[in-house]
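This report refers to the structure that appears directly beneath it.
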Amino acid sequence: MVRLINKRNIPFISEIVYRILKVQEIFTYIRNVDLQNVEPCIYVMWHANQFLVHGLPDRKKINILISTSLDGQIVAHVCEKWGFIVRRGSAGRKGSITATKQMMEALEKGEDVAIMVDGPRGPYHEVKKGAVALSKDTGCPIIPAHWYSEDFTFKTLPSWDKMKSPIGPCRIMNLYGAPIYPENLSEAEIAAKIKGSLLELEKIAPQKYKEAKEAKLWNKKQ
């Protein structure tokens, strides 16, 4: 069976994906709620919410860890064209040590990092060790992030991670949790705090979104 994505057609597919998402960008209205003014930091999110990085502030200082798979190469191409700093690697795979070192160096320079903590292939909503170890090694705080919308154009895709994506005009909220500092915490405790915070953000998102609508947040320029 011929694989639809291969090394030869990745540049072509990447460009198509980028152009589609670039059009969608025109109709995507993201507003930040409870954004934490902490730098440098490690933004963490579920793999389903990976597109929320589009709403993070100052993307030219955001380092995104993307897997070395062929699919990841497409994502990396799009992220680079959007202005993010891309680091390639996956936990347990060749290149993960190099990627971790690059992330540490980025944090030491005052740049931020974004990691999908249950990616790239799950298990679903289980926090892997990458962000946890990075926080312990650098002392940098972790900022949980979640995105949410009640517009019918905010779709859940049929993928293992139940990825969320706008398809058409969409008002989206990026919601942030309190910083998680690594001091005096074990790796297991940090992982538990990350999972607890992300699940709590998911729980309170509808009320926060309602408050944002009442405040006419999407009528204001950011």
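The values are calculated or read from the model by the stated rules, or taken from the named source; none is laboratory data. Here the structure is a predicted model, which means the values were calculated and not measured. Note: ideal-geometry Cβ built from the backbone for every residue, glycine included; neighbour counts use all protein chains shown. With ligands, DNA and RNA removed, areas are computed over all heavy atoms of the protein, side chains included. Shrake-Rupley method; radii C 1.70, N 1.55, O 1.52, S 1.80 Å.
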### Query
With every protein chain in place, what's the accessible area of Tyr43 (1.4 Å probe, Å², nearest 10)?
10
### Task
Report, to the nearest whole %, how much of the accessible area of the chain belongs to carbon and sulfur atoms, 1.4 Å probe, protein only.
57
### Query
Taking a 26 Å limit on the Cα-Cα distance, which of the listed pairs Lys155/Lys213; Lys60/Lys210; Lys109/Lys129; Lys7/Lys81; Lys195/Lys220; Lys101/Lys208 fall beyond it?
Lys60/Lys210; Lys195/Lys220; Lys101/Lys208
### Query
Could you give the nm distance between label points at Asp71 and Glu211, where each point is 7 Å from its Cα heading toward the beta carbon?
3.6
### Query
Calculated from the structure, Rg/Rh (Cα atoms, Kirkwood Rh) equals which of (1) 1.00; (2) 0.95; (3) 1.14?
(2)
### Query
Could you list, bin by bin from short to long, the percent of Cα-Cα pairs of the range 24-123 in 5 Å steps?
2, 12, 23, 27, 20, 10, 4, 1
### Query
Dipole of the range 77-222 (Lys/Arg Cβ +1, Asp/Glu Cβ -1, origin at the Cα centre): which of Leu201, Phe84, Ile115 lies farthest to the positive side?
Phe84
### Task
Measure off 7 Å from each Cα along the Cα-to-Cβ vector at Asn184 and Asp151, then give the distance between these two points in nanometres to one decimal.
4.4
### Query
Per residue, what accessible area does the chain have, given a 1.4 Å probe and all protein chains present, in Å²?
53
#### Entry: Sum of side-chain charges, Lys193 neighbourhood, beta-carbon under 12 Å (Lys, Arg +1; Asp, Glu -1)
-2
### Task
Between the alpha-carbon centers of the range 162-178 and the range 181-222, tell me the distance in whole angstrom.
13
## Note on the structure
In debye to the nearest 20, the charge dipole size for the chain, taken about the Cα centre with +1 at each Lys and Arg Cβ and -1 at each Asp and Glu Cβ, equals 760
### Query
In whole Å, how far is the Cα centre of the range 101-160 from that of the range 1-71?
12
### Message
Which order do the peptides 55-63, 125-133, 17-25 come out in when sorted by mean C-beta neighbours inside 10 angstrom, highest first?
### Response
125-133, 55-63, 17-25
